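> Following this message is one structure expressed as structure tokens.
The values are calculated or read from the model by the stated rules, or taken from the named source; none is laboratory data. Everything quoted here is computed from the prediction, not taken from an experiment. All Cβ positions, even for glycine, are placed from backbone atoms using ideal geometry, and neighbour counts span all protein chains on display.
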Amino acid sequence: MNVEAIELYISNKKSVEKETTIQFRKRDAIKGIFVKGKDYDELKVKNFWRIVTATNIENFNKSNDISLARIFNGLDIVKLS
């Protein structure tokens, strides 16, 4: 997906912290939340996105530890739901 499509999806969500199913071209789908960290704008320009996977969401909500997030390339994303 391109930057504009992902940004539109993130901005139209009622809650930024809402869990999303993310489908990829070459890997299994994951559930997670998009995280807006200090480097959000810098990563967005390059079509990279910080995502906290479902296994780490509870810990992330307690600690807001950005190291629990992984960076994914937006070009590998096929569908968000």
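> Restricting the search to region 52-73, which residues are more than 15 Å from V3 (Cβ to Cβ) and within 9 Å of the chain's Cα centre (by Cα)?
V52, T53, A69, R70
> Another question, if that's okay. Among the helices (runs of 4 or more DSSP H) confined wholly to region 1-64, which include 2 or more residues that are in contact (Cβ under 8 Å) with a residue 40 or more places away in the chain?
Counting at least 2 such residues, we get 3-12, 40-45.
> Could you check how many residues of region 12-35 are under 12 Å from the mean Cα position of the chain (by Cα) and either of a type in the set (D, E) or at pLDDT below 90 (or both)?
4
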